[in-house]
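Here the structure is laid out as structure tokens; the discussion comes afterwards.
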Amino acid sequence: MVIDSQPDLEVVGEAGDGDAALHTLAVTAADVVLMDVRMPVLDGVEATRRLRQRADAPKVIVLTTFDLDEYAFAAIKAGASGFLLKDAPPPTLLDAVRTVHSGDAVVAPSTTKRLLERFAGHLPEDATPPDAVWAELTQREHEIVREVVRGRSNAEIAATLYVTEATVKTHIGRVLAKVGLRDRVQLVVLAYETGLVRPGAS
């Protein structure tokens, strides 16, 4: 009802489990998928992973609760472009759909930090040394990455670094290209996995 109430959005399909979702999306074109993490037959994490392996796959937003943070983290690593809490207000949901459709990612700052801090023990101990992954980044790009990890928006980063939003967006695009990632969600995960930043760091 919330999505269909918008003139620029339309619900093109629904499914009761992950397997049904994959079958539906095989014959129904969609731009963005709202994926629950806990579903019968096939859970949202595996459904997301399989879906994102397809050519021209739609973007995925994971819906989760505080009690299922670990599933949201796994789904993001599986290829989701972000996540929302199930009780997110309608305007937040609508904004997230539009944001992901435009090519950006949805990263709820407080939830992202809590996720990564709570499940830091799941990160590999033999993490790749930061220099090996981030060597090609300029000093300003390193600053941008740290701000992204803090969950700040382009506007907030621009204000902090005294640059324009367009400049921030350009820097983020260059960073993603250099490290071979799709969006800022993956950037946050990689920053923790490689030890560029540590859980609990400000």
- Message: Which pairs turn up if I take residues in region 1-16 that are farther than 13 Å from Val97 by Cα and look for partners that are open to solvent by 60 Å² or more (accessible area, probe 1.4 Å) and assigned to a loop (DSSP other than H, G, I, E, B) with beta carbon separation below 9 Å, at least 6 apart in sequence or on another chain?
- Response: Val12/Ala29; Val12/Asp31; Gly16/Pro40; Gly16/Val41
- Select the helices (runs of 4 or more DSSP H) contained entirely in region 128-175, then report the ones holding at least 1 residues which are touching a residue at least 24 places away in the same chain (Cβ under 8 Å). 130-134, 139-149
- Scan of region 131-147 for residues that are of a type in the set (A, V, I, L, M, F, W, C) and at pLDDT below 85, ordered by number: Ala132, Val133
- Just name the residue that is modelled with the lowest pLDDT out of those in region 175-194 that are loosely packed, with under 15 Cβ neighbours inside 10 Å and farther than 18 Å from Gly82 by Cβ. Gly180
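The values are calculated or read from the model by the stated rules, or taken from the named source; none is laboratory data. Small disclaimer: the values here were computed from a predicted structure and weren't measured. For neighbour counting, all protein chains shown are included, and Cβ atoms are generated from backbone atoms with ideal geometry for every residue, glycine included. We work out accessible area using only protein heavy atoms, side chains counted, and drop any ligands, DNA or RNA first. Shrake-Rupley method; radii C 1.70, N 1.55, O 1.52, S 1.80 Å.
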